[in-house]
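A single structure is presented below for examination.
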Amino acid sequence: MSVMAAEARHNELLGFGALALGLLIALTGVLVATTTERVTEERWSPEVGYYIVEYHPYAGFIKLLFVFGGLFVLIGAPLAIYYTWKHQKIMEQIKG
């Protein structure tokens, strides 16, 4: 029983670690998005003429950070919740 409790505790910590890593990755995306400037360019096309384009140079990288951060949070949170509940149930069985 104590081995099962230790295994549940270990898996719980892995879930919390994945959750923390996901939040850190998403926070990095927020920091990159807010601290870098947009690029403004003038372009020309035969149909429209001159027009102004404004874009963020790291938009793809920021999306990638948000996606991976969200995946880690979506994986880590349920794992942490489940193994916290499982560890609590095992500890109640050991005590009772």
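Using DSSP to call loops (not H, G, I, E or B), can you name the GluC sites (Glu not before Pro) in the stretch 6-49 whose Cβ has at most 12 other Cβ atoms within 10 angstrom? If you can, show how the numbers build up before the last one.
On the way: sites: Glu7, Glu12, Glu37, Glu41, Glu42, Glu47; in loops: Glu37, Glu47.
For GluC sites (Glu not before Pro) across the stretch 6-49 that sit outside H, G, I, E and B with at most 12 neighbouring Cβ atoms in 10 Å, the list reads Glu37, Glu47.
When 1/r is averaged over all different Cα pairs and the result inverted, which Kirkwood radius in Å belongs to the stretch 30-80?
Computed over the stretch 30-80, the radius equals 13.6 Å.
Pairs of Cα atoms under 8 Å, at least six residues apart: use those to get the relative contact order of the chain, whole percent.
Working: 110 pairs, mean separation 46.2, N = 96.
Averaging sequence separation for qualifying contacts and normalising by length gives 48 percent for the chain.
Every number in this text was worked out from the coordinates using simple rules, so none of it is lab data. What you are looking at is a predicted structure, and each value in this text was computed from that prediction instead of being measured. Using ideal geometry, Cβ is built from the backbone for each residue, glycine included, and neighbour counts are taken over all protein chains shown.
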